[in-house]
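Worksheet: the structure to be examined is printed underneath.
The values are calculated or read from the model by the stated rules, or taken from the named source; none is laboratory data. Just so it is clear, the model here is predicted, and its values are computed rather than measured. Every residue, glycine among them, receives a Cβ derived from its backbone with ideal geometry; neighbour counts consider all protein chains shown. What goes into the accessible areas is simple: the full protein's heavy atoms, side chains included, and nothing from ligands, DNA or RNA. Shrake-Rupley method; radii C 1.70, N 1.55, O 1.52, S 1.80 Å.
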Amino acid sequence: VRAGDDSPYSEGDEVFGRQTLDRMRELNGSYSEYAIVDSADLYRKPARLSHDEAAAVPHACLAAYAALGHVGQLISKVKVDHQRSVLIIGGSGGVGTFAVQVAKQHFGCYVMASCSSANAALVQSLGADEVLDYSDPGFLQSVGATKFDVVVDCVGGDDYWTAFGKALKPDGVYVTLVGNARHLAQDKEMDMTSVLQIRAEYLVRQISSKLGAAQNYHILTGSQLQSSDLRIIASLLEQDQLRVVIDSTFSLYDISKAHERSETHHAVGKIVVQVCKSTDAPGGAGGKKHAGERMGDNAPGGHGGGRRGGGGVPDT
């Protein structure tokens with residue numbers, strides 16, 4: 001609603017972006033109509049996107065870009081004669097749908113992705129050269145002799161690391177968004193002991209990686225997402241090189257239903273939460289409304305597209 005004195009944006013500007021984890025902790029969450037956001041974490045919303053579409057982009061696409069480009073080191077790798085190859089585990093989810101496209105359209109990689117047979121056509125349409133059915137009994141042995149520069153695991157589980165870590169090139173990198181437990185935890189209820197155990201296991205693995213025990217295994221963290229990459233992502237969106245896949249849209253009044261959908265771990269693309277009822281036409285800039293999305297492969301809620309410089313959109 002209002003831009004700060006040093007903000008590069010003005011009142012009325014349409015922006016999209018994210019809320020950092022530190023800011024979220026300061027504000028104790030952010031399912032709200034308005035939010036205070038650092039201008040560095042925003043960028044001008046691509047005109048061709050609706051507000052719902054813009055809300056679905058920031059956290060998920062920044063995570064995909066960070067996993068591939070920064071942690072996966074595709075940005076720094078010099079292009080050579082042989083084509084770079086990437087495996088996306090969970091290619092039909094919120095981060096996965098962007099990872100497939102960024103790997104193919106931006107980094108020019110050969111892309112192999114896993115998903116259910118029901119979502120194979122979608123993932124292939126996003127740019128995957130090969131699609132693997134994770135329900136196939138031979139899935140863990142299905143990559144054959146292919147060697148990957150980066151494996152991005154959007155699902156989690158040590159069985160995937162054990163199987164596909166062996167398929168990395170000597171300088172390849174395995175990046176997981178989740179860690180050693182599938183979807184963090186199968187149980188819907190988690191007590192403090194469970195949370196502390198997950199944090200402890202995470203720290204052990206990160207330390208082991210730094211000490212050389214598993215130098216090619218990395219757990220993506222929120223601090224590795226760079227808001228400055230929104231400029232690159234916006235450019236890809238404007239050039240129609242990225243497609244936003246929305247699984248479902250919920251009103252803020254139905255936020256519990258959004259979380260229930262997220263907890264199924266079967267959302268295809270992103271779940272969007274509307275603070276105000278949308279008047280957007282599909283694919284267009286639309287009218288006045290705000291929507292939000294949250295990081296996590298299929299989680300609802302995060303700082304999404306909104307009208308006004310530096311605020312006017314929800315965050316979680």
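In the list ALA67, ALA60, which residue meets the criterion of being crowded, with 24+ Cβ neighbours inside 10 Å and within 27 Å of PRO170 (Cβ to Cβ)? I'd like the intermediate steps shown before the answer.
Details: ALA60 fails: within 27 Å of PRO170 (Cβ to Cβ).
Every option except ALA67 fails the conditions.
Do we have any residue at all in the range 217-234 that's acidic (Asp, Glu) and farther than 18 Å from HIS59 by Cα? Even if it seems obvious, please write down each step before you answer.
To start, the set of residues in the range 217-234 that are acidic (Asp, Glu) comprises 229.
Of the ones still in play, those that are also farther than 18 Å from HIS59 by Cα are none.
No, the range 217-234 contains no residue that is acidic (Asp, Glu) and farther than 18 Å from HIS59 by Cα.
Restricting to the range 132-143, count the residues that are free of Cβ contacts under 8 Å to residues at least 12 places away in the same chain and open to solvent by 60 Å² or more (accessible area, probe 1.4 Å). Full working, then the answer.
Of the range 132-143, the ones free of Cβ contacts under 8 Å to residues at least 12 places away in the same chain are 136-138, 142.
Still in the running and open to solvent by 60 Å² or more (accessible area, probe 1.4 Å): 136-137.
Going through the range 132-143 one residue at a time, the tally reaches 2.
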Legend entry - Subset of the range 268-278 [modelled with pLDDT under 95, outside any strand (DSSP E or B) and of a type in the set (A, V, I, L, M)]: VAL275
Legend entry - Residue list for the range 241-266, restricted to those being in a loop (DSSP other than H, G, I, E, B) and either at pLDDT 95 or above or among the hydroxyl-bearing types (Ser, Thr, Tyr) (or both): GLN241, LEU242, ARG243, VAL244, VAL245, THR264
Legend entry - Single unsatisfied condition, ILE36 versus (1) touching a Leu at 6+ places or on another chain (Cβ under 8 Å); (2) open to solvent by 10 Å² or more (accessible area, probe 1.4 Å); (3) assigned to a helix (DSSP H, G or I): (3)
Inset, instruction - Can you give me the number of residues within the range 215-258 that are free of Cβ contacts under 8 Å to residues at least 12 places away in the same chain and either under 27 Å from PHE164 (Cα atoms) or in contact with a Cys (Cβ under 6 Å, 6 or more places away or on another chain) (or both)? - result: 2
Legend entry - ALA285 vs. criteria modelled with pLDDT of 65 or more, open to solvent by less than 50 Å² (accessible area, probe 1.4 Å) and within 30 Å of GLY12 (Cα to Cα): no
Inset, instruction - Have a look at GLN73, GLN83 and point out the one that is under 18 Å from the mean Cα position of the chain (by Cα) and of a type in the set (S, T, N, Q). - result: GLN73
Inset, instruction - Report yes if ALA121 is at pLDDT 95 or above and open to solvent by 30 Å² or more (accessible area, probe 1.4 Å), otherwise no. - result: yes
Inset, instruction - Look at SER228 and say whether it is open to solvent by 60 Å² or more (accessible area, probe 1.4 Å) and either modelled with pLDDT of 50 or more or not in a helix (DSSP H, G or I) (or both). - result: yes
Legend entry - Enumeration of residues in the range 82-115 that are touching a residue at least 60 places away in the same chain (Cβ under 8 Å) and either farther than 16 Å from ILE246 by Cα or among the basic types (Lys, Arg) (or both): ARG84, SER85, VAL86, LEU87, ILE88, ILE89, VAL102, GLN105, HIS106
Inset, instruction - With respect to TYR9, determine if the residue is among the aromatic types (Phe, Trp, Tyr), outside any helix (DSSP H, G or I) and open to solvent by 30 Å² or more (accessible area, probe 1.4 Å). - result: no
